[in-house]
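Below is one structure; the comments refer to it alone.
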Amino acid sequence: MNFRRSKNSHLPWRTALWFVVILAIVLVFLNRTPLAVDVELPAEEPVELTRDTPSDVVVVIDWQAVRNSPATFSGRDFSAAWINTLEQEIGPITIATPTTLTARVLDEARVIILTSSVAQNIPDGITKTLRDYALAGKLLIVAERPAGELREKFGANGRVGLQRGRKFSWVRDLGEPTRANLLDADVDVEFVGSTTPKENATTWLSVDGAPVVYSVPIGEGSIVVVDFDFGEFMVSSQQGRPREDFSLASTTPSTTDLAVYGPGNRFPVADTVERYLIHGVIGRLTPLPTFWPFPSGSEGVIVSLHTDRVLGNGGAWMLRYEASREATSTLLTSIDSGFDAQGYELVNKLSGEVGLLWLMQNSDDALMESFGLGPIRPFARPRTLESQVSDFEKNVGIKPIAAQVAGNVWTTDWVAPLRAMSSQGIRLDFSYSPGGASGYRFGTGFPFLALDESGLPLSIRVLPIVVPQDAGEGPTTPELLTTSAAVDHQVITIASRPASFADFPDIPKFESWVELFDQASTQKHRIMSAGSFDSFLRSRRASSVHTRVLTSSSDEGVSGLVLRVTVESKRGDLELTFPNELRGHTFSKARQKVNRVGDELVSGELETSQTNYSGLSLRRVKLDSGFNTLDLYFEAP
Amino acid sequence: MSRNRTSVIYALRWDLTAVLVLIMLAGAYWWLKEPTLRLAGSDTISGSRPPDRAEGDILLLLPDSPSATASNFDELDCSYGWFNSLWQEYGSFATALTRDLSPEILAGRSVVIVPSRVARNMPTAGVRAIGDFAKRGGQVILEQPNDAWLAVAASTLTGKPRRAQHITSIEGLGVHGDLREQIAGIPLTGVLMPAPAAAPFPEGASIMDIDDQPGWAVTQVGEGWVHTLYFNLGCSVTALQQGLPTRDMVFGKDDKPEIHASLRRSQPDTTEFPVPYADLLERAVLQRLSVVRPIPRLWLYPGNYAGAMVMTHPAPDASRSGLALADAAHRAGASATVFMTADLFTSKDATFAESIGADVGLLWVRGKRRELVLETVGIGPLQPIANELDLNTQFTRVNIALPEARPLRVARVEESAWANDWSTTFQQLAAARLRLDSSFGPKGGTSWGYLFGTGFPFYPLDERGLPLPLVEQPYVMEGSGASPQRLESMLRGSAQGFHQSIVVSISSDIMRYDPAPGVLLTLRDAFTLAKKHNHWATSLGELLDFLAARRKSVLTSQWSAEERRLTITVNLLGTQSDRVAAEENPEKPKDATAGVAFPRVFDGEEVESVTLDQQDVPLKEIATTGSSTDRILIVPPGRHTIVVHYKSPAPAAALIAP
């Protein structure tokens, strides 16, 4: 009895002892394999973009209508996609809202784009004003899926309602092979079906047999009706098509799950559609000089991108060779690579740039950090983007403005990584990768402005990769360069890993990389870093162009039309493009108006070149830095 | 007692014991998890005198007995520095001990070389015999002679010796252009014996002034000529090649940490070493001998190649990557040397290496950039002791995987980690049966070129001045220091006159730890550049075989001054070279046999005709060296007689003078 009591009386001590032992074992175990804890991605509020500076082209967006549109992918109003299209194809534009649209803006403009956010609910007063401008031939109106009075007066009847189309079935005046490629492309377009076409209308583009872009003459001018959801088409092409609730179907999504075009897609569908709309339709109906989207007369650009998390400062070795070939590139490096301020100094000396290779949480590449109390750290959480940006700044000495999610992974949320990067001041993202095959899986090689689920723009542009590291399939780089130089005129972003030679120096692979420089030179493509190309595009957007149509005087020796273009060029490597034909007149010569010889003002003839721009015939003329006044002469047939 | 029995501790005694056992087990696990490292030592051997050769136009007299172990460089006997020079420049030459000197052994020689230590210890009879040899028309090189040589040497030696600093004048040597500046820049080592002032040759006796006094003088003795060197050429060449004790390096044995071999160089700190000073110095002296009488020699490379280029690849982390580089060389129609580690190299790798003609060497791991080669001792997962494998075991592990026909002979020390003394590492390598080491060279991108005054292999000397039975083959650029521009500049310099073996070292993992575009460009262009500049793209093994065959070959000559006829008798041995075979005849391996070189000009007149075994050889088929000093005749292996006629000078020709 005593014995049993005695034993029981020590039970609490025994329990406590073994509890402590088991606790110690558990803590040691957890210290070695801590429990993972999830963290949230940061987010940024999208912005309502406006740009008041008058220019030839005005795009009108009703941000409130955008916000109020249904919160599904197909229901959301993506009128903001027009901003990217116009900036890419024209350069400087005016972004107005129905309330900021003033007579001054309209007086300066030649084209007004009424996006679906406006065209579906435009105040009668504005309709009347615009009609007057159009009747006088002062303004070309482009209306996307108009409703109400606009549709009644200028659009087809729209009685069939919203339809989804899979093919562009017809296109007017588009050169081969672009035309064939466009008609062959598989697309997903929502359009407004009508029982009959609009009377007197000229159809430019049809989807599944239904006219989706047509123009209607009005007085001295025209109105162009875009009767398909241009915004949704562009956003889904470029930024990817999620499910209706903006989620991705895959539970472990990669960036290829965002792509709507197949692996190895050789044809930039989105760019072709927008170029046709701007230069093939609008540019044919009204004179519309624009800025060429590449610097120094090049036919395209190669953006050279290197990613590294192994070599640290050694990751800059490719930039050394590029510098010797007068090229620059962007090196994205992770915070665990060992890259530091010394490496940045070298990269900077080589005119290169560095950015962050983001080891995103919930991916295999995530960097885990344990936490707890003192030496006992039983929990682990992934390093957040904020801490990676902060560490990058600490190590390298600068804040990253370019980034890529490592490992081609994405979240189930369509836009969350972009929103997170945008919130951390990152302005350029390279995460959109075509997977194992090169090609334009996102319909473009150009950087595009990312939109939020709300349809509003984020402060970040995405530069999709066209040639991924170790691309096993798809068009070869020489093929891409050849078609880009001849027709497509693209930004070809080529990704490579400096560490891919680390296991052993693979000479054939190196040779093919070195040959790229010769190929680029042969095909007149500049190899540049993403930042320097982005800087070029920013200057291009900040420049200005104003156009007036004159009739030529007899002493000019040419009878026909004269286009007087006043340009402020922010850089010395910009070029102006304009159509080869205007209202049935053919281009004959270009003169610059203010060449000073002695004390006299004279005009000098400028050299121009003809370009096949995605099946459209354009002319290019080089601009000087600063103000240029050009007279472009078009002869009657 | 009963209170104790009821206490908590007593009641929990078994629990506490179990906890204690758990703690002890955990402690033992933590303690045994990291094995205890036991470092290995490696055997050493001393240098030895190479076997004497009786045949050759040039006789090198060597000391009868090795000197005492030197405790500093000034005490080192550099007689075998001359051995290195003659081996490099002539290939075929005779050697004899001083005690064997006799009129018989001097008969038929053109030149006798008396190194400093031999000169100091030469008996009177020897001095007399050499004096008689000179009077009969022979040439003698006397290095730092003492008073015993008064009757033979250019002048008496009075005053106090001092340390040789710079070459101050080479008016008497009669060289021009870049070579003039290059020779003047040669760094000298050792003492300079005093000498009376002399005007430059031909007005006076001085060929070369050092520190504003004659450093090399020439005097006519009877019908012959005596070259007196007041500086120590043997030690100057040895110091350039093998390095020089500095603050970072001690001469005797020491336990100081290893240093990178590049720190041994005796040349001043700079990044570019484009001139092989050691070779220039020995050539300046030896080529002067052909002014009196044309002296033929075995060319330094097979056929009429201007030089050699060897691509080497240490593979510290993976044999596969090293072999992939060798395969790339194979596909370029060349071969490369890959240095493998004992713990990674397998017989499968050896079979692949054999199939691509790769030359396999040993990478002696020193634990610098990778972990040591270890063998753990223990049971199952518990391996508490880790023994480092010594060099001999590492050698055996690699050698055993190789086919018998291609035994392991060449080596590289990982990261060129060298014992911080005069010769320990050489002695260890030699003791492990290695015959060629290629660890001397620049460190990465810090510098490039001939840090050790030569691109040609040399025999390192031990503290007694005796050569070790292996050669050191320096490399000229390494890793990120390599670039096609630098390589081409070195190949061009070599083709135009330096005639060097240019060894490039590119580690198979270089693109991980020190990546640079120049590395890949060099790998891409090296063999094309070698071909462009007429260099033999070979491997260290092939080069070693070739040099051994060249040394075994015999070349002697007779000169008829009246008929201006040089009769050369050679017995040439060749060795198989995949590279030569691939270029000449892909179907059949061909011997790599040294060409026969003879002076292009004698007494200002060019060669008139050449016959090989009584068959005329068109002069246009005979190559000229880049420096235009020699013509090189391609001769197949075997015994041959070559007769070279020089044109006769015009009647008012100048006097023959050295």
Which condition breaks for A:Pro263 when tested against (1) touching a Gly at 6+ places or on another chain (Cβ under 7 Å); (2) assigned to a strand (DSSP E or B); (3) surrounded by fewer than 24 Cβ atoms within 10 Å (Cβ to Cβ); (4) not polar (S, T, N, Q)? (2)
Filtering the range A:354-384 down to residues that are part of a strand (DSSP E or B) and crowded, with 22+ Cβ neighbours inside 10 Å yields A:Val354, A:Gly355, A:Leu356, A:Leu357, A:Trp358
Cβ-Cβ distance below 7 Å, separation of 6 or more or different chains: which pairs start in the range A:504-531 with a residue that is within 14 Å of chain B (Cβ to nearest Cβ) and within 13 Å of B:Pro517 (Cα to Cα) and end on one that is assigned to a strand (DSSP E or B) and hydroxyl-bearing (Ser, Thr, Tyr)? A:Trp513/A:Ser496
Checking B:Ser85 against (1) in contact with a strand residue (DSSP E or B) (Cβ under 7 Å, 6 or more places away or on another chain); (2) surrounded by 24 or more Cβ atoms within 10 Å (Cβ to Cβ), which test does it fail? (1)
Name the residues in the range A:322-349 that are more than 11 Å from chain B (Cβ to nearest Cβ) and either at positive phi or among the basic types (Lys, Arg) (or both), would you? A:Glu326, A:Gly338, A:Lys349
Mind listing just one residue for me: the one in the range B:77-118 that is under 22 Å from the mean Cα position of the chain (by Cα) and part of a loop (DSSP other than H, G, I, E, B) and, of those, nearest to B:Leu142 (Cα to Cα)? B:Pro115
Checking A:Leu463 against (1) more than 14 Å from every other protein chain (Cβ to nearest Cβ); (2) without any contact (Cβ under 8 Å) to a residue 24 or more places away in the chain: exactly one of these is not met. Which one? (2)
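For the range B:92-110, state whether one or more residues are in contact with a Leu (Cβ under 8 Å, 6 or more places away or on another chain), under 26 Å from B:Arg264 (Cβ atoms) and either modelled with pLDDT of 95 or more or surrounded by 13 or more Cβ atoms within 10 Å (Cβ to Cβ) (or both).
No, the range B:92-110 has no match at all.
Could you tell me which of the residues B:Glu472, B:Glu488 is of a type in the set (D, E, K, R), away from chain A (no Cβ under 14 Å) and under 18 Å from the mean Cα position of the chain (by Cα)?
Details: B:Glu488 fails: under 18 Å from the mean Cα position of the chain (by Cα).
On inspection, the qualifying residue turns out to be B:Glu472.
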Of B:Leu300, B:Leu325, which residue is under 19 Å from the mean Cα position of the chain (by Cα) and outside any loop (DSSP other than H, G, I, E, B)? B:Leu300
Residue count for the range B:294-341, restricted to those that are of a type in the set (D, E, K, R) and closer than 30 Å to B:Leu566 by Cβ: 1
Among the residues of the range A:13-27, is there at least one that is within 14 Å of chain B (Cβ to nearest Cβ) and either assigned to a loop (DSSP other than H, G, I, E, B) or modelled with pLDDT under 85 (or both)? no
Is it the case, given these coordinates, that B:Ser507 is touching a helix residue (DSSP H, G or I) at 6+ places or on another chain (Cβ under 7 Å) and of a type outside the set (A, V, I, L, M)? yes
Scan of the range B:338-361 for residues that are farther than 20 Å from B:Ala328 by Cα and of a type in the set (A, V, I, L, M), ordered by number: B:Ala342, B:Leu344
Can you tell me how many residues within the range B:328-343 are assigned to a loop (DSSP other than H, G, I, E, B) and either on the phi < 0 side of the Ramachandran plot or within 11 Å of another protein chain (Cβ to nearest Cβ) (or both)? 7
Can you list the strands (runs of 3 or more DSSP E) found entirely within the range B:141-221 that contain at least 1 residues being under 21 Å from B:Val292 (Cα atoms)? B:206-210, B:213-221
Of the residues in the range B:552-569, those that are out of contact with any Ser or Thr (no Cβ under 7 Å at 6 or more places or on another chain) and under 14 Å from B:Asp591 (Cβ atoms) come to B:Lys552
Scan the range B:130-146 and tell me whether some residue there is within 26 Å of B:Ser557 (Cβ to Cβ) and within 21 Å of the chain's Cα centre (by Cα). no
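Conditions tested, residue by residue: (1) farther than 25 Å from A:Gln490 by Cα; (2) among the polar types (S, T, N, Q).
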| residue | (1), (2) |
| --- | --- |
| A:Trp63 | yes, no |
| A:Gly75 | yes, no |
| A:Phe78 | no, no |
| A:Ala81 | no, no |
| A:Thr85 | no, yes |
| A:Gly91 | no, no |
| A:Thr100 | yes, yes |
What are the residues in the range A:148-194 that are of a type in the set (D, E, K, R) and part of a loop (DSSP other than H, G, I, E, B), if any? A:Arg159, A:Arg166, A:Lys167, A:Arg172, A:Asp173, A:Glu176, A:Asp186, A:Asp188
What's the total number of residues in the range B:10-48 that are of a type in the set (D, E, K, R) and either within 14 Å of chain A (Cβ to nearest Cβ) or closer than 21 Å to A:Ala24 by Cα (or both)? 3
Residue hits (the range A:480-503; within 14 Å of another protein chain (Cβ to nearest Cβ) and of a type in the set (S, T, N, Q)) are A:Ser496, A:Ser500
For the range B:418-439, state whether one or more residues are hydrophobic (A, V, I, L, M, F, W, C), in a loop (DSSP other than H, G, I, E, B), closer than 20 Å to B:Pro515 by Cα and at pLDDT 95 or above. no
Contacts under 8 angstrom Cβ, first residue in the range A:293-321 being within 14 Å of chain B (Cβ to nearest Cβ), partner among the acidic types (Asp, Glu) and part of a helix (DSSP H, G or I), 6 or more apart: A:Ser304/A:Glu322
Some residue of the range A:33-51 being closer than 21 Å to A:Phe233 by Cα, in contact with a helix residue (DSSP H, G or I) (Cβ under 7 Å, 6 or more places away or on another chain), away from chain B (no Cβ under 14 Å) and not aliphatic (A, V, I, L, M): yes
Across the range A:287-313, the tally of residues that are assigned to a strand (DSSP E or B) and either farther than 22 Å from A:Leu481 by Cβ or of a type in the set (S, T, N, Q) (or both) stands at 5
Would it be correct to say that A:Pro417 is in a helix (DSSP H, G or I) and either closer than 22 Å to A:Asp452 by Cα or basic (Lys, Arg) (or both)? yes
Can you tell me which residue is nearest to B:His499 (Cα to Cα) among those in the range B:589-624 that are among the polar types (S, T, N, Q) and under 30 Å from the mean Cα position of the chain (by Cα)? B:Thr624
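Being among the aliphatic types (A, V, I, L, M) and within 30 Å of A:Ile90 (Cα to Cα) is the filter; apply it to the range A:291-318 and report the residue that is surrounded by the most Cβ atoms within 10 Å (Cβ to Cβ).
Result: A:Ile302.
The values are calculated or read from the model by the stated rules, or taken from the named source; none is laboratory data. Since the model is a prediction, treat every value here as computed from it, not as a measurement. Note that we place each Cβ from the backbone using ideal geometry, even for glycine, and neighbour counts take in every protein chain shown.
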